[in-house]
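Student: One structure coming up, written as structure tokens, with questions to follow.
The values are calculated or read from the model by the stated rules, or taken from the named source; none is laboratory data. Keep in mind the model is a prediction, meaning the values are calculated, not measured. In this analysis, Cβ positions are derived from the backbone assuming ideal geometry, glycine residues included, and neighbour counts consider all displayed protein chains. Keep in mind that these areas ignore ligands, DNA and RNA; they rest on the heavy atoms of the full protein, side chains included. Shrake-Rupley method; radii C 1.70, N 1.55, O 1.52, S 1.80 Å.
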Amino acid sequence: MSSIVKHQTLDIQKIRSEFPVLHQEVNGKPLIYFDNAATNQKPKRVIDALSYYYEHDNANIHRGVHTLAERATSAFEETRKAVQQFIGANEAEEIIFTKGTSESINLVASSWGRKFLNSGDEVLISTMEHHSNIVPWQMICEERGATLQVMPIDANGDIVIEQALKLMSDKTKLVAFNHASNTLGTVNPVKILTQAAHKVGAKVLVDGAQSTSHLNVDVRDLDVDFFAFSAHKMYGPTGLGVLYGKRSILEKMPPYQGGGEMIKDVSFGKTTYNDIPYKFEAGTPDIANVIALKKAIEFIDELGKENIAAYEHELLTYGTEKLNQIEGVRIVGTAKEKVSVISFEVEGIHHFDLGMWLDAKGIAVRTGHHCTQPLMDHYCIEGTARASFSVYNTKEEIDAFVEALKVIISKFK
């Protein structure tokens, strides 16, 4: 785990007061929500933004001239600009709204892949990828006659850079990897891998699903060609994602889907396509969720990314130390640079059983392979339990979680 400068004092109780879902009991116990890597909770301002749109501004966007349509369009495009600033893109037109990280990656695989991948080419991913950053590349490689290569990782959960660089050649057309692992928490060296990929002429796609709520993201500084992430993992609504792409690349890519909005002119003889980003946003988008995403960005900006990262690092360090003190617990993923994710096994207890017993005590953790089956195979395990922390979690919750674990483990001795 990296050393991060101490955060400015955050009023955690005030932050918690903004999240209605946290103030409830589950199975007669106060809810402790440690499933933030799957999805984090939503502040009231995000929930209110959804309601306000449907109560006051519900209308389709871009093509209407009436007042509601103009208000909805303005709010929708304001979010696009907010996302641009949030990730440091050159222009708002490089921001494409999708259904989530999975669709963003599928868009690139389908559009860019079908145009630029050919027989004999290679796509390079890492061992720790989520299925969403594996399966689309398998599908397009099979279709185009390309080959999927895999960067190895070490026992700690870090990419073995020397071996990764050796896998890059003039055959490599795209390198795709996550910014931070949803299972291990590992923060990957984006700049090093991107620079190496560009040296051999390859494009770079980064899965940022686990980084946008934890880390500062500047796509211009990272120099990535594509960056994908989901709103629901950064305090925003479900069913909404973002794809960033460099203008020079997006303009060369064919549309991903056909329909309304992505066209300029349609006749039975020929259709001409719209400019970016609308070329990739066929049909009526998820207007309410896009508008609400701006409120999630404002929430993060108000707290400060550095403050969030530093506080979550404190929770990660505290939780790691506590779990390491429990006999029979083994943490899977011990990279030096991590986001606030702890995957672990308990000797003699299946992770599904562990998850159910923790739930009985009001503690929500994720169990299973976390959509990273090849990674589980690498460690020769079926799955893990995973506790993942957000800025509204506390050390007191970690203490309660650890005590619950001890009680559960004691029943098996």
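Student: Can you tell me which of 394, 334, 372 is touching a Gly at 6+ places or on another chain (Cβ under 8 Å), among the β-branched types (Val, Ile, Thr) and in contact (Cβ under 8 Å) with a residue 24 or more places away in the chain?
Tutor: When all the criteria are applied, what remains is 334.
Student: Only one of these conditions is not met by residue 129: (1) over 22 Å from residue 368 (Cα atoms); (2) crowded, with 22+ Cβ neighbours inside 10 Å; (3) of a type in the set (Asp, Glu). Which number is it?
Tutor: Every condition holds for residue 129 apart from (1).
Student: Taking the residues in the stretch 12-34 that are outside any strand (DSSP E or B) and of a type in the set (A, V, I, L, M) as candidates, determine which candidate is surrounded by the fewest Cβ atoms within 10 Å (Cβ to Cβ).
Tutor: This residue is 21.
Student: Only residues that are in a loop (DSSP other than H, G, I, E, B) and open to solvent by less than 10 Å² (accessible area, probe 1.4 Å): list them for the stretch 340-393, please.
Tutor: 340, 362, 372, 383, 389, 390, 391, 392, 393
Student: Restricting to the stretch 235-249, name every residue that is under 23 Å from residue 191 (Cβ atoms) and surrounded by 24 or more Cβ atoms within 10 Å (Cβ to Cβ).
Tutor: Of everything in the stretch 235-249, those that are under 23 Å from residue 191 (Cβ atoms) and surrounded by 24 or more Cβ atoms within 10 Å (Cβ to Cβ) turn out to be 242, 243, 244, 245.
Student: Scan the stretch 372-385 and give yes if some residue there is at pLDDT below 95, out of contact with any Cys (no Cβ under 9 Å at 6 or more places or on another chain), of a type outside the set (D, E, K, R) and within 27 Å of residue 28 (Cα to Cα), otherwise no.
Tutor: No.
Student: Just checking, does the stretch 35-58 include any residue being at pLDDT 95 or above, assigned to a helix (DSSP H, G or I), in contact with a Phe, Trp or Tyr (Cβ under 7 Å, 6 or more places away or on another chain) and open to solvent by 20 Å² or more (accessible area, probe 1.4 Å)?
Tutor: Yes, the conditions are met somewhere in the stretch 35-58.
Student: Moving on. Checking residue 261 against (1) surrounded by 19 or more Cβ atoms within 10 Å (Cβ to Cβ); (2) of a type in the set (D, E, K, R); (3) in contact with a Gly (Cβ under 7 Å, 6 or more places away or on another chain), which test does it fail?
Tutor: Failed condition: (1).
Student: Every residue in the stretch 247-272 that is at positive phi and in contact (Cβ under 8 Å) with a residue 40 or more places away in the chain, please.
Tutor: Once the filter is applied, which keeps residues that are at positive phi and in contact (Cβ under 8 Å) with a residue 40 or more places away in the chain, the stretch 247-272 yields only 261.
Student: Could you grab me the full set of residues in the stretch 59-84 that are closer than 27 Å to residue 229 by Cβ, in a helix (DSSP H, G or I) and either touching a Gly at 6+ places or on another chain (Cβ under 8 Å) or touching a residue at least 60 places away in the same chain (Cβ under 8 Å) (or both)?
Tutor: Those that are closer than 27 Å to residue 229 by Cβ, in a helix (DSSP H, G or I) and either touching a Gly at 6+ places or on another chain (Cβ under 8 Å) or touching a residue at least 60 places away in the same chain (Cβ under 8 Å) (or both): 72, 73, 75, 76, 78, 79, 80, 82, 83.
Student: Cβ contacts < 9 Å: first residue more than 14 Å from residue 214 (Cβ to Cβ) and in contact (Cβ under 8 Å) with a residue 60 or more places away in the chain, restricted to the stretch 314-325; second residue open to solvent by 20 Å² or more (accessible area, probe 1.4 Å) and of a type in the set (S, T, N, Q), any location; separation 6+ or different chain. Result?
Tutor: Listed pairs, sorted by first residue: 320/334.
Student: Moving on to the next point. With surrounded by 21 or more Cβ atoms within 10 Å (Cβ to Cβ), β-branched (Val, Ile, Thr) and either in a helix (DSSP H, G or I) or within 16 Å of the chain's Cα centre (by Cα) (or both) as the only criterion, which of 108, 123 stands out?
Tutor: Only one candidate passes the filter, namely 108.
Student: Picking from 273, 278, which residue would you name as being under 20 Å from residue 61 (Cα atoms), open to solvent by 40 Å² or more (accessible area, probe 1.4 Å) and in contact with an Asp or Glu (Cβ under 7 Å, 6 or more places away or on another chain)?
Tutor: Being under 20 Å from residue 61 (Cα atoms), open to solvent by 40 Å² or more (accessible area, probe 1.4 Å) and in contact with an Asp or Glu (Cβ under 7 Å, 6 or more places away or on another chain) holds for just one of 273, 278, which is 278.
Student: Separate question: From the list 143, 162, which residue is assigned to a helix (DSSP H, G or I) and touching a Gly at 6+ places or on another chain (Cβ under 9 Å)?
Tutor: 143
Student: Looking at the stretch 59-72, which of its residues are surrounded by fewer than 18 Cβ atoms within 10 Å (Cβ to Cβ) and of a type in the set (A, V, I, L, M, F, W, C)?
Tutor: Correct list: 59, 65, 68, 69.
Student: If you check residue 75 against the conditions, is it more than 18 Å from the chain's Cα centre (by Cα), open to solvent by less than 20 Å² (accessible area, probe 1.4 Å) and closer than 23 Å to residue 280 by Cβ?
Tutor: no
Student: Of the residues 348, 333, 362, which single one is within 28 Å of residue 179 (Cβ to Cβ) and either of a type in the set (Gly, Ala, Ser) or in contact with a Cys (Cβ under 8 Å, 6 or more places away or on another chain) (or both)?
Tutor: The unique qualifying residue is 333.
Student: Another question, then. Residues of the stretch 156-200 being touching a residue at least 60 places away in the same chain (Cβ under 8 Å) and exposed (fewer than 15 other Cβ atoms within 10 Å of the Cβ), which ones?
Tutor: 156 - this is the single residue of the stretch 156-200 that is touching a residue at least 60 places away in the same chain (Cβ under 8 Å) and exposed (fewer than 15 other Cβ atoms within 10 Å of the Cβ).
Student: If I filter the stretch 135-154 down to residues being free of Cβ contacts under 8 Å to residues at least 24 places away in the same chain and under 25 Å from residue 188 (Cα atoms), which single residue comes out as most open to solvent (accessible area, probe 1.4 Å)?
Tutor: Checking each candidate, the answer is 138.
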